[in-house]
1. List pairs: first residue in the range 41-53 and in contact (Cβ under 8 Å) with a residue 40 or more places away in the chain and within 15 Å of W68 (Cα to Cα), second residue surrounded by 12 or more Cβ atoms within 10 Å (Cβ to Cβ) and not aliphatic (A, V, I, L, M) anywhere in the structure, Cβ distance under 7 angstrom, at least six positions apart or on different chains.
2. Only residues that are more than 21 Å from L32 (Cα to Cα), in a loop (DSSP other than H, G, I, E, B) and at pLDDT below 90: list them for the range 63-108, please.
3. Return the residue satisfying two criteria in turn: it lies in the range 24-54 and is within 12 Å of the chain's Cα centre (by Cα) and among the basic types (K, R), and of such residues it is farthest from P108 (Cα to Cα).
Amino acid sequence: MRNQPTPSLAMILMTTFHSNPTKKERWWAWHLENPHVYRLFKHFTFQALRKRRHKHLGAWLVVNRIRWETSIETEGEDFKISNNFIAYYARLFMAQHPEHKGLFRTKPLKEERHQEGGDRYV
């Protein structure tokens, strides 16, 4: 029998209310359990802004920098950032830093296409 990963408290609470969480809900649960990832996302985004004065920046670039730094440059346990979560980090950053609205190019996510007038950023 294979060991199944232990679900996080956030995921347990979420699935208590409904059995099919959205990608956004799964990301939010993971984000609450891994706040250091968003701290790194902000750090590397601001670093890129300071050094290059970018008008646009790729969220994938930032997340891959996080992956590099946490798996190559540091010691300790590796963690995985799902590609499904990258767009949410870009949206969260722009929502928290409206002066950088448009820094990350976003398009409606599949689950957002069914909502009219919803907030695209978070």
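The values are calculated or read from the model by the stated rules, or taken from the named source; none is laboratory data. Since the model is a prediction, treat every value here as computed from it, not as a measurement. Note that we place each Cβ from the backbone using ideal geometry, even for glycine, and neighbour counts take in every protein chain shown.
1. Listed by first residue and then by second, the contacts come to F41/Y89; F41/F93; T45/F93.
2. T74, E75, K107, P108
3. This residue is R39.
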